[in-house]
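Written out below as structure tokens is the structure these notes cover.
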Amino acid sequence: MTRQQVLDLYFMEARAKLIDLAAFLDRLDRAQGGDDFRIEAFRRALQLLHQKNPERAKAVLLALSDPSSEPIARANTKAAAGAWPDAP
Amino acid sequence: MRYIEPHGHMVSRTTDDYQAMVTAGCEAVCEPAFWAGFDRSSADGFYDYFCQLTEHEPKRAEKFGLPHFAWLCINPKESEDVELAGEVLALIPKFLDRPNVIGIGEIGLNKNTRNELSVLEQHIDLAARHNQLILVHTPHLEDKRKGTRLILDAIQNDPRIQPGRVLIDHVEEHTIQAVLDAGFWAGMTLYPDSKCTAARAVDMIDLYGRERLWMNSACDWGVSVPLAVPHAALEMRRRGHTAATIDQLIYQNPLQFLSQSGKFKLMK
């Protein structure tokens, strides 16, 4: 596909997602209370979008991932949070 | 258009979903054993579930002219209890000869614990001893990268397992390369909020090719879309993929992998 074709096919969808993202951050700012590890990881991942990297999706997924390699002794929950709680 | 749904939890879906899938061109559905959304209190609960997957659900699908196949296991979310897992693993061989059982799955990891890994290794051994295909669930979200690596290591540590008889499911951009490079099949799960959208799945097809790759809806009791595979076919069409390429991804590839079981047959 040409760049023009990609823009024709996906620009409006991406535009809508971009505005949704901005509205989410505005909503968060209006809300009471502090941040948690998820939004901190989210903000770090947002920075990756500015980089000239042909694998931005992969970079974002890795930024939100547990980087360790050994199995853990026991889980405290069955659910995943979407970001790694122990990120520095 | 014709397609195979290689991963759908139909016990959680309505007859309307069966009707819509068949209308859209679905020619077979495969149902891996999974977590019910709550922990079963005993192995008896799994016995009943395995009967549901091998007796009741095929009959329900048959009413819509749809062949139904099943994978059996204790899922990773309930594998933390190794005693229960051992009891469930002991039940599985009794079901392996049933006509719609095509392998062991969806096994894998959830939170990447030692107990989950131990139960995964027992499933791999079970599959090897009974010459079964393997379907692997990789963990969710932040646990996927690490879990996928642990799973690949565990399978590769067993020399009896041929990578071409294993499908690693729920791959995303950060895991697909390692799965394909190791010779395994890879599944892309099309979910609205997690795993992978149709557009991203087609990106991965563009980047990694059409071999040893399939797409599935993994429709279940959560947010999921039973028609996600035909929707992804539409996405491929919008991108200019040919009818033959689409057919390879949504029909020929799953047919090729699943036919290795010997029991996977489509209606003539």
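Quick note: the coordinates plus some simple rules give every number you see, no bench work behind them. All values reported here derive from a predicted model rather than from experimental measurement. Every residue, glycine among them, receives a Cβ derived from its backbone with ideal geometry; neighbour counts consider all protein chains shown.
What order, most packed first, do the peptides B:168-178, A:75-85, B:2-12 have when packing is the mean number of other Cβ atoms within 10 Å of each residue?
Values: B:168-178: 22.1, A:75-85: 14.5, B:2-12: 24.1.
Going from most to least packed, we get B:2-12, B:168-178, A:75-85.
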>> Counting C-alpha atoms alone, how compact is chain A: give Rg to one decimal and Dmax as a whole number, in angstrom.
In response: 16.6, 51
> Hey, rough spin-label estimate for residue B:243 and residue B:210, points 7 angstrom out along Cα→Cβ, what's it come to in nanometres?
Replying inline: 1.4
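Between residue B:260 and residue A:53, what is the FRET efficiency for a Förster distance of 30 Å, r being their Cβ-Cβ separation, to the nearest 0.05? Present the calculation step by step, with values, prior to reporting the outcome.
Details: r = 38 Å, r/R0 = 1.27.
For residue B:260 and residue A:53, the calculated efficiency is 0.20.
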>> Order B:152-164, A:60-72 from most to least packed using the mean count of other Cβ atoms within 10 Å.
In response: A:60-72, B:152-164
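For peptide A:56-65, how many partner chain Cβ atoms fall within 10 Å of a residue's Cβ, on average? It would help to have the intermediate numbers written out before the result.
Details: counts 1, 7, 6, 2, 2, 8, 3, 2, 5, 10.
That works out to 5 on average.
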> Can you give the direction-averaged projected area of the convex hull of the alpha-carbon atoms in the range B:119-216, in nm²?
Replying inline: 5.9
> How high is the FRET efficiency between residue B:15 and residue A:43 when r is their beta carbon distance and R₀ equals 56 Å, given to the nearest 0.05?
Replying inline: 0.80
> How high is the relative contact order of chain A, given as a whole-number percent (alpha carbon pairs under 8 Å, six or more residues apart)?
Replying inline: 32
> What aspartates and glutamates could a cross-link reach from residue B:146, if we take a straight Cα to Cα line under 16 Å and drop same-chain neighbours fewer than 8 places away?
Replying inline: A:66, A:70, A:86, B:116, B:169, B:172, B:173
>> Let me confirm one metric for peptide A:76-84, namely the mean number of other chain beta-carbon atoms within 10 Å of its residues' beta-carbons.
In response: 5
>> Please compute the modelled spin-label separation between residue B:94 and residue A:7, points set 7 Å along Cα→Cβ, answer in nm with one decimal.
In response: 6.5
> Once you have the alpha carbon radius of gyration of chain B, what is it after dividing by 2.2 N^0.38 Å, with N set to its residue count?
Replying inline: 0.92
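Nearest 20 debye, what's the magnitude of the dipole of the range B:94-186 about its Cα centre given +1 on Lys and Arg Cβ and -1 on Asp and Glu Cβ? It would help to have the intermediate numbers written out before the result.
Numbers: 11 positive and 13 negative charges, 52 e Å.
Charge dipole, the range B:94-186, about its Cα centre: 240 debye, nearest 20.
To the nearest whole number, what is the average tally of beta carbon atoms from other chains within 10 Å of the beta carbons of peptide B:107-118? All intermediate terms of the calculation are to be shown ahead of the outcome.
Details: counts 0, 0, 1, 5, 10, 7, 5, 5, 5, 4, 2, 1.
Rounded to a whole number, the mean comes out at 4.
From the P(r) of the protein assembly as shown, can you give the percent of Cα pairs sitting at distances over 25 Å?
Numbers: 33956 of 63190 pairs.
So the portion of pairs separated by more than 25 Å is 54 percent.
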